[in-house]
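The values are calculated or read from the model by the stated rules, or taken from the named source; none is laboratory data. Please read all numbers here as calculations on a predicted model, not as lab measurements. Cβ placement follows ideal geometry from the backbone for every residue including glycine, while neighbour counts extend to all protein chains displayed. Quick note on the areas: whole protein, heavy atoms, side chains included, nothing else; ligands and nucleic acids left out. Shrake-Rupley method; radii C 1.70, N 1.55, O 1.52, S 1.80 Å.
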Amino acid sequence: MKKSSLMPKRKSLTAVVNEHQRLLTNFQLPDGEGRTFDLYRYQAGRAVLLVVYRGEWCGWCRAQLAELNDQVSWFRDRGVCVVALSPDTELYTSILQELLHVSFPLLADPRWQVLPRLGLPRPIQATDIRPAIFIATAAHQIVYQHIGATADDRPPMTDIKRYITERVAPIY
């Protein structure tokens, strides 16, 4: 039975964040093309879908990023920019960017500068990294988050799109 990511059963993992509106603070990280990426500059007054993937080696992550890449124009048409980051090195981020021909930024955070600020603790083993989705408004308020309990625990794209359509795109 599929669980709904919009009606969470475990609030600690999936939440429509409203009682403690957190801000998605600005950060700079290297992207898959060797440049320094600045979140707020890229966001430029738009909402953002931030995807945390486990690494270039993760098959579920590759599938999720490929699906996002196929749908990226849907998000852009609604004023939502897409960004993905992982604890991979710049080299592996670059390899994945080239392999998948992703049209949105893939970012490297191998020193765990940004991931802990999102509530993702550094695991002992790389295989314990948890995938996550965050949606923030143009004003940087995180209004939705899903932190996977397992490697394959990700909300379906239909749920993400529905949430954006109902709660984020009308604001844009």
> Which residues, counting only those in the range 115-135, are buried (at least 18 other Cβ atoms within 10 Å of the Cβ), among the hydrophobic types (A, V, I, L, M, F, W, C) and either out of contact with any strand residue (DSSP E or B) (no Cβ under 8 Å at 6 or more places or on another chain) or at pLDDT below 95 (or both)?
Replying inline: Leu115, Leu118, Leu120, Ile129
>> Can you say whether Asp109 is in contact with a helix residue (DSSP H, G or I) (Cβ under 8 Å, 6 or more places away or on another chain), over 27 Å from Thr165 (Cα atoms) and modelled with pLDDT of 95 or more, as far as the supplied structure shows?
In response: yes
>> Any residue in the range 36-59 that is farther than 12 Å from Asn26 by Cα sitting within a Cβ distance under 7 Å of a residue that is part of a loop (DSSP other than H, G, I, E, B) and of a type in the set (S, T, N, Q)? List the pairs, counting only those 6 or more apart or interchain.
In response: Ala47/Thr137
> Mind checking which residues of the range 4-31 are modelled with pLDDT of 50 or more and open to solvent by 10 Å² or more (accessible area, probe 1.4 Å)?
Replying inline: His20, Gln21, Arg22, Leu23, Thr25, Asn26, Gln28, Pro30, Asp31
> What strands (runs of 3 or more DSSP E) lie completely within the range 83-167 and have 2 or more residues being under 15 Å from Arg62 (Cα atoms) and in contact (Cβ under 8 Å) with a residue 12 or more places away in the chain?
Replying inline: 106-108, 132-136
>> Quick test for you: out of Ser86, Ser103, pick the one residue that is surrounded by 21 or more Cβ atoms within 10 Å (Cβ to Cβ), hydroxyl-bearing (Ser, Thr, Tyr) and under 22 Å from Gln43 (Cα atoms).
In response: Ser86
> Among the numbered criteria (1) under 17 Å from Ala151 (Cβ atoms); (2) open to solvent by 10 Å² or more (accessible area, probe 1.4 Å); (3) touching a strand residue (DSSP E or B) at 6+ places or on another chain (Cβ under 7 Å), which single criterion is violated by Arg46?
Replying inline: (1)
> Within the range 107-127, is there a residue that is among the aromatic types (Phe, Trp, Tyr) and at negative phi?
Replying inline: no
>> among the basic types (Lys, Arg), within 24 Å of Thr150 (Cα to Cα), open to solvent by less than 50 Å² (accessible area, probe 1.4 Å) and touching a Ser or Thr at 6+ places or on another chain (Cβ under 7 Å): is that true of Arg54 in this structure?
In response: yes
